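Heads up, the thing below is written out as structure tokens.
The values are calculated or read from the model by the stated rules, or taken from the named source; none is laboratory data. Small disclaimer: the values here were computed from a predicted structure and weren't measured. Here the Cβ is made from the backbone with ideal geometry for all residues, glycine too, and neighbour counts use every protein chain on show.
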Amino acid sequence: MSALALLGGEKAKSKPFPIWPHYDEAEERALKQVLESRIWWRTPGTKTLEFERAFAKFHGARHGIAVTNGTAALEVAMAGLGIGAGDEVILPDFTFVATASAVLFANALPVLVDVDPGTYCINPDLVEEAITPRTKAVIAVHMGGHPADLDRLKKITDRKKLALIEDSSHAHASEWKGKRIGTFGVAGTFSFQSSKLMTAGEGGIIISNDEKFERQARSVHDCGRMPGEWFYSHFIYGSNYRLSEWQGAVLQAQLGRLDEQTQVRHRNGRLLDRLLGMIPGITPQKLDDRCTRNGQYAYSFHVDRHGSLHRSDERGRHPESGELSASAPAAHVSQWRVSKEAVRKAGERASCIPEAALSGDSESGLGDGLDSAASLAGG
């Protein structure tokens, strides 16, 4: 390659990345059905109920509770577990603030522990060290779509009789040892915010195979009502976390593409592993052998400031805000002021490529620019 495009050379990539979010006639038809039905409210409707059942089944769960957003999913999960004042919940210090704020919303104490420096997911050894008599639950965040070490975490939580919650906001359709995530613990929570792997602009869901938890959480999300009881009877703490029929209809259409889209993103992620791994100073997020499919909400990689690339050279668009950012802002940096080594490096030196860039087929030219960068880095 003779010169960078910035300096007048030929562009390495000419075809644009896919536009996100994706929609077609399926979403248009679903929205028209809701409009013409005049049933836009979830309670008497069928669209959100159908989506709950389909999404839960897709992930191997018996129950799904659709809610207003991913933050609400975590809040409802905390209330469904009965987490409250005096309780502690262990979670990673590299995560979006909602993972911790949901615990605070329950009047409980979030206990932040460091992450594995390779996968950026919660370190099971440190989870075990952080357990106290007040610990009631552990939240595992599947960072960027890569599952946390669910083998170790399940053993620890089962032995200590703690609830395991999977914060799966990045990990729709991700797999651990051939099994889709979300049901390794008591519950899995997901987000359908605009940047997520399937979206209705906003939205969330809780999935579970635990009958007792499901009954409590469903009541919490519906103002404390109980199935089969009078509509104006309210038995426990609850609020209105219900998802609308509009969103349920859109998400059902989006779910129809999720499996195929995940296959594409996982395949492109492995291409990036190879290409970025050729560039000195860049270390891709580690892929654990037990992660048989990565949903790839984002493709994360570590930049060695002493390598061939510098911080100012690898700025990209943050997948959620769309703003220029070297890495996703998380609880560990601005909100909670912790100084754990692995998460400090992740916050300062990690960058990410958003999922939209991973969604193209082999003709989208994902690797074109990286091939050129690898050639330049190699001299």
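Tabulated data for the structure shown
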item	result
Subset of the range 126-141 [in contact (Cβ under 8 Å) with a residue 40 or more places away in the chain and either of a type in the set (Asp, Glu) or closer than 14 Å to residue 78 by Cα (or both)]	135, 136, 137, 138, 139, 140
Residue within the range 256-277 that is at pLDDT below 95, surrounded by fewer than 23 Cβ atoms within 10 Å (Cβ to Cβ), assigned to a loop (DSSP other than H, G, I, E, B) and not assigned by TED's automatic domain parsing to the domain that holds residue 296 present	no
Which numbered condition residue 216 misses (of (1) assigned to a loop (DSSP other than H, G, I, E, B); (2) farther than 27 Å from residue 31 by Cβ; (3) in contact (Cβ under 8 Å) with a residue 12 or more places away in the chain)	(1)
Matching helices (runs of 4 or more DSSP H) fully within the range 1-116 where at least 3 residues are acidic (Asp, Glu) and modelled with pLDDT of 95 or more	25-37
Test: residue in the range 52-61 that is over 17 Å from residue 241 (Cβ atoms), of a type in the set (Asp, Glu), touching a residue at least 24 places away in the same chain (Cβ under 8 Å) and not assigned by TED's automatic domain parsing to the domain that holds residue 351	no
Residues that are within 10 Å of residue 206 (Cβ to Cβ) and over 16 Å from the mean Cα position of the chain (by Cα), drawn from the range 57-72	61, 63, 64, 65
Any pair with Cβ under 6 angstrom, 6 or more apart, that starts in the range 285-301 at a residue that is in contact (Cβ under 8 Å) with a residue 24 or more places away in the chain and ends at one that is of a type in the set (Lys, Arg) and surrounded by fewer than 20 Cβ atoms within 10 Å (Cβ to Cβ)	290/177
Tally, over the range 173-222, of residues that are under 17 Å from residue 241 (Cα atoms), surrounded by fewer than 20 Cβ atoms within 10 Å (Cβ to Cβ) and among the basic types (Lys, Arg)	1
Every pair of residues 6+ apart whose Cβ atoms lie under 8 Å, when the first sits in the range 8-19 and is basic (Lys, Arg) while the second is exposed (fewer than 11 other Cβ atoms within 10 Å of the Cβ) and assigned to a loop (DSSP other than H, G, I, E, B)	none
Tabulated pairs, the range 107-125, first assigned by TED's automatic domain parsing to the domain that holds residue 165, second of a type in the set (Lys, Arg) and not in a loop (DSSP other than H, G, I, E, B), C-beta under 6 angstrom, 6+ apart or interchain	124/152
Residues being under 19 Å from the mean Cα position of the chain (by Cα), within 30 Å of residue 223 (Cα to Cα) and not polar (S, T, N, Q) - total across the range 251-296	2
Residues satisfying the stated conditions in the range 141-180, i.e. under 16 Å from residue 286 (Cβ atoms) and among the aliphatic types (A, V, I, L, M)	141, 143, 148, 150, 171
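Conditions tested, residue by residue: (1) part of a helix (DSSP H, G or I); (2) at pLDDT below 95; (3) over 30 Å from residue 126 (Cβ atoms).
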| residue | (1), (2), (3) |
| --- | --- |
| 152 | yes, no, no |
| 189 | no, no, no |
| 207 | no, no, no |
| 225 | no, no, yes |
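Residues are listed down the side, and each one gets a yes or a no for (1) on the phi > 0 side of the Ramachandran plot; (2) among the hydrophobic types (A, V, I, L, M, F, W, C); (3) in contact with a Ser or Thr (Cβ under 9 Å, 6 or more places away or on another chain):
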| position | (1), (2), (3) |
| --- | --- |
| 211 | no, no, no |
| 217 | no, yes, yes |
| 232 | no, no, no |
| 242 | no, no, yes |
| 245 | no, no, yes |
| 268 | no, no, yes |
